[in-house]
Every structure is written in C-alpha cells, then in structure tokens.
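Enquirer: Pasting a structure here, questions to come.
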Amino acid sequence: MNKKELIKHLRSYSDDEVFAAHLWSTDDIITHAKGNNIKINKKEAGQILENIQRHLDSEYGITWVTISDAIVDFDNERKTN
C-alpha cells in the first residue's frame, strides 16, 4: 500500500477513531537488506513489503525476523531466476 492509498483508507474512518499501528517503509527494507549484505532497490523493497503484507499472520505481526526472512527469500529467488 502506498502513502496515497493509506491516506485514502484512513479518511474512511471518523476523526475520533483510535488506532494502533506500526508502519514499515521501503527505506526500512533497503537499510535492513544492506545490513545483511544484500543490495535491493526501492522497487524491489516495495515488492518485498507487498509480499509480506499478502502473507501477513496477524498473530505474529511484522517483525525484523519477518523482514529478514522475506529479504533472504527474495534474494534467493532472484538468484535462481
């Protein structure tokens, strides 16, 4: 979900609605990948985040472990193609 889509979604709620959220960005993904010696660009980071969102388990949420696993999976798939 991009910023524009997120804002549109949030506007559908009343102004007094209360939320709890943790937002992850492509910059988070790129920085974490770089820390693990994996180079990805903004588009690839977006693909990784979209994949995480599609397979989200709400019991566990999105953690650094979730992100690490998704980056490694992406990198491994990229290497085999």
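Enquirer: Go through ILE52, ILE48 for me and flag whichever is open to solvent by less than 80 Å² (accessible area, probe 1.4 Å), free of Cβ contacts under 8 Å to residues at least 40 places away in the same chain, touching a Phe, Trp or Tyr at 6+ places or on another chain (Cβ under 7 Å) and of a type in the set (A, V, I, L, M, F, W, C).
Expert: ILE48
Enquirer: Just checking, does the stretch 61-69 include any residue being charged (D, E, K, R), over 10 Å from the mean Cα position of the chain (by Cα) and open to solvent by 90 Å² or more (accessible area, probe 1.4 Å)?
Expert: Taking every residue of the stretch 61-69 in turn, none turns out to be charged (D, E, K, R), over 10 Å from the mean Cα position of the chain (by Cα) and open to solvent by 90 Å² or more (accessible area, probe 1.4 Å).
Enquirer: Further question: Given the criteria free of Cβ contacts under 8 Å to residues at least 40 places away in the same chain and open to solvent by 100 Å² or more (accessible area, probe 1.4 Å), does HIS32 qualify?
Expert: The answer is no for HIS32.
A quick yes/no check of all residues on (1) of a type in the set (D, E, K, R); (2) on the phi < 0 side of the Ramachandran plot; (3) part of a helix (DSSP H, G or I):
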position	(1), (2), (3)
TRP24	no, yes, no
ASP28	yes, yes, yes
LYS43	yes, yes, yes
GLY46	no, yes, yes
GLN53	no, yes, yes
ILE62	no, yes, no
ILE67	no, yes, yes
VAL72	no, yes, yes
ARG78	yes, yes, yes
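The values are calculated or read from the model by the stated rules, or taken from the named source; none is laboratory data. Source: prediction; values computed, not measured. Glycine also receives a Cβ, built like all others from the backbone with ideal geometry; neighbour counts cover every protein chain displayed. The area values use the complete protein model at the heavy-atom level, side chains included, leaving out ligands, DNA and RNA. Shrake-Rupley method; radii C 1.70, N 1.55, O 1.52, S 1.80 Å.
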